[in-house]
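To start, the structure itself, in structure tokens.
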Amino acid sequence: MGRSKALNPELSARIAPASFFQVWQWSEVFDETKPIELELGAGDGSFLIQHAERHPEINLLGVERLLGRIRKMDRRIHQAQLSNVKLLRIEASYLLKHLIPRGSLKAIHLYFPDPWPKKKHHKNRLVNTWFANQCHRLLIPEGVIHLRTDHASYFEQMLEVFSQSDGFTQTSTPSSLLDLKTDFERGFNAEGIPTLHASYRCAG
Ligand SMILES: C[S@@+](CC[C@H](N)C(=O)[O-])C[C@H]1O[C@@H](n2cnc3c(N)ncnc32)[C@H](O)[C@@H]1O
């Protein structure tokens, strides 16, 4: 398989996988070998960029399906001169199912995923049993999934899915992570809507 390199590594953090039909190797994505964390639905990159700045010892991949948001994050990453964060425009489920190597992620961050509030649309929510199984397959033993939402019923679904999975145990979320607010989170909190959060550790 060819290398999934940044389009222009000097100017852009965006990567283009050499194949969308084969599991990649992380050495094709990042130059340096470091523990890898993934953020799904990274939005404007408010968490991704701060987390990458604070943790040069990890590599971070930010995933987002909207091109405008990818471009905005790319500009900010370039301005901050960060080399430990890459971006991929892709649908999160496809990435999890087809591209990421088994047992290779130290952490997955999923913050304020679309809640699909109408009951008939709940089937579109990203967090479900299938998602938990994918997280279990892709995390390293002791790897952690971190979840945040403003939406009480979606939060209940998140807790139900992960607490019913044999492969995970609930763990506390480090305060250093909670300190990093996302763009949507700041908006919700400013309106008085609190953040609901949970973290689950992979039993391996
Ligand atoms: C409500 S916003 C939250 C953004 C950011 N996490 C934050 O908290 O500020 C959800 C983001 O996830 C992206 N998104 C939703 N579903 C996605 C999917 N299936 N794959 C990739 N990105 C997705 C949306 O485009 C949007 O930017």
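Here are E64, E32: which of them is acidic (D, E) and more than 12 Å from the ligand (Cβ to nearest atom)?
Testing whether each residue is acidic (D, E) and more than 12 Å from the ligand (Cβ to nearest atom) leaves just E32.
Among (1) surrounded by 15 or more Cβ atoms within 10 Å (Cβ to Cβ); (2) closer than 14 Å to L138 by Cβ; (3) more than 9 Å from the ligand (Cβ to nearest atom), there is one condition I70 misses while meeting the rest; what is its number?
So the condition that I70 fails would be (2).
As an exercise: evaluate T33 against (1) without any contact (Cβ under 8 Å) to a residue 24 or more places away in the chain; (2) more than 16 Å from K106 (Cβ to Cβ) and give the number of the one condition it does not meet.
Of everything listed in (1) without any contact (Cβ under 8 Å) to a residue 24 or more places away in the chain; (2) more than 16 Å from K106 (Cβ to Cβ), T33 misses just condition (2).
Going by the conditions given, is K86 surrounded by fewer than 21 Cβ atoms within 10 Å (Cβ to Cβ), closer than 25 Å to Q22 by Cβ, away from the ligand (no atom under 14 Å from the Cβ) and in contact (Cβ under 8 Å) with a residue 24 or more places away in the chain?
In short, no.
Report whether or not E142 is among the charged types (D, E, K, R) and within 12 Å of the chain's Cα centre (by Cα).
no
Among the residues in the range 126-137, are any of a type in the set (K, R), modelled with pLDDT under 95 and more than 15 Å from the ligand (Cβ to nearest atom)? Steps first, please.
Here is the first cut: in the range 126-137, the ones of a type in the set (K, R) are 137.
After this cut, where a residue has to be modelled with pLDDT under 95 as well, the list is none.
Taking every residue of the range 126-137 in turn, none turns out to be of a type in the set (K, R), modelled with pLDDT under 95 and more than 15 Å from the ligand (Cβ to nearest atom).
Within the range 102-109, identify whether any single residue is within 11 Å of the ligand (Cβ to nearest atom), of a type in the set (G, A, S), within 27 Å of P194 (Cβ to Cβ) and in contact (Cβ under 8 Å) with a residue 24 or more places away in the chain, and answer yes or no.
No, the range 102-109 has no match at all.
Can you report the number of residues in the range 181-204 which are under 16 Å from the mean Cα position of the chain (by Cα) and under 18 Å from K106 (Cα atoms)? Explain how you work it out, then say what you get.
To start, the set of residues in the range 181-204 that are under 16 Å from the mean Cα position of the chain (by Cα) comprises 181-185, 197-202.
Filter once more, so that each one left must be under 18 Å from K106 (Cα atoms): 198-202.
Number of matching residues: 5.
Please verify whether F155 is among the aromatic types (F, W, Y), under 18 Å from L40 (Cα atoms) and in contact (Cβ under 8 Å) with a residue 60 or more places away in the chain, treating the condition exactly as stated.
So F155 fails the test.
Would you check if P174 is under 29 Å from W24 (Cβ atoms), at pLDDT 95 or above and surrounded by fewer than 16 Cβ atoms within 10 Å (Cβ to Cβ)?
The answer is yes for P174.
Among the residues of the range 31-42, are any in a loop (DSSP other than H, G, I, E, B), at positive phi and either modelled with pLDDT of 95 or more or surrounded by fewer than 21 Cβ atoms within 10 Å (Cβ to Cβ) (or both)?
yes
The values are calculated or read from the model by the stated rules, or taken from the named source; none is laboratory data. This is a predicted model, so every value here is computed, not measured. Cβ coordinates were reconstructed from backbone atoms using ideal geometry, including for glycine residues, and neighbour counts include every protein chain displayed.
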